[in-house]
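Structure first, then comments.
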Amino acid sequence: MRVCVVTGGGGVRIGSGICRALAGQGRTVVVADQDLEAAELVVEELRAAGATAVAMRLDVTDADSVREVVAATVTAYGQVDAWVNSAGVGLRKRGAEATPEEFDQLHAINYRGAWTCIREVVPVMLENGGGGIVNIGSVHAAGAAGTFTLYAATKAALAALTRGIARDYGRQNLRCNIVHPGAVEARGNEHLLADFVASKQMLPTAVEAIDIGNAVAFLLSPEARAITGVELFVDAGTTAMLFEQ
Ligand SMILES: NC(=O)c1ccc[n+]([C@@H]2O[C@H](COP(=O)([O-])OP(=O)(O)OC[C@H]3O[C@@H](n4cnc5c(N)ncnc54)[C@H](O)[C@@H]3O)[C@@H](O)[C@H]2O)c1
């Protein structure tokens, strides 16, 4: 898993954390984001730490844009070994109060966008003898929290897509897994989660972006070669917790 593409890799919260973890393990990282300036900032940091990284503009809702990133990665590095679907957006509204436009936008990025990336990169991986895909879901895929209704549905769909892709291409040595993060803030802003940590986690410290990145890096490593189609919760116990004592 030498060459890894991270969609939404310019993100100040989870996206950049994933890039840092992969770069820290010596992988080549393509930081692909709709916000090219944000991606370039992450690349600057990774390169300063000695990593090989490049920024590319990507809009996951546009199949041509995805195709270009896949092609540019192959041109630059010869292959795409791993792909992380982290680009995503949220929505806080009760289910019957969201508009059709909001519904479509959520699905276009969180679900259809991830599928478009998979659709474009899988043939390239198969030609290369296999590969690894990690989708970024959410704890909301597994339980209801008020106003996250439509967002949660996109992440549950992504979990089902993950299992299906793992099944469809497992025999061709392609693994596909999903990481479900708990609440994560940008580096340095973890204190903003103090109330959440105190009441909605089993563990006493905030989940950091690097924790999500480390889980992703593990799933893309040879040590995880027997793991596919799984949902890995990196949430300090949020999902497993029924209620406080
Ligand atoms: N932060 C959390 O607490 C949390 C919790 C659970 C799941 N997640 C999931 O983690 C992922 C990252 O979210 P985050 O909140 O950490 O944000 P983030 O800070 O990683 O930023 C998200 C990035 O996605 C990019 N993006 C948005 N639309 C795009 C598009 N159409 N094409 C390409 N890039 C696009 C943005 O430019 C941004 O850089 C999302 O899938 C989100 O649903 C986040």
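Here are the numbers:
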read-out	value
Computed over the stretch 31-126, the ratio Rg/Rh where both radii use C-alpha atoms and Rh is Kirkwood	1.04
Cα-based Rg and Dmax for the chain, where Dmax is the largest Cα-Cα distance (Å)	17.1, 56
Helix 209-219 vs. the chain, principal-axis angle (Cα, 0 to 90°, nearest 10)	50 degrees
Convex hull (Cα only) mean projected area of the stretch 120-187, reported in nm² to one decimal	5.7 nm²
Histogram of C-alpha separations across the stretch 86-158, 10 Å bin width, %	20, 45, 23, 10, 2
Cα-based helix-to-principal-axis angle, 14-24 vs the chain, degrees rounded to 10	50 degrees
Within the chain, helix-based [θ] at 222 nm, where runs of 4 or more DSSP H residues each add -39,500 (n - 2.57), nearest 500	-13000 deg cm²/dmol
For the stretch 159-227 versus the stretch 27-106, the gap between their alpha-carbon centres in whole angstrom	17 Å
Angle between the chain longest axis and helix 149-169 axis [Cα atoms, degrees, rounded to 10]	40 degrees
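Computed from the coordinates by the stated procedures, all read-outs in this text should not be read as laboratory data. The shown structure was predicted, so the numbers you read here are calculated from the model rather than taken from an experiment.
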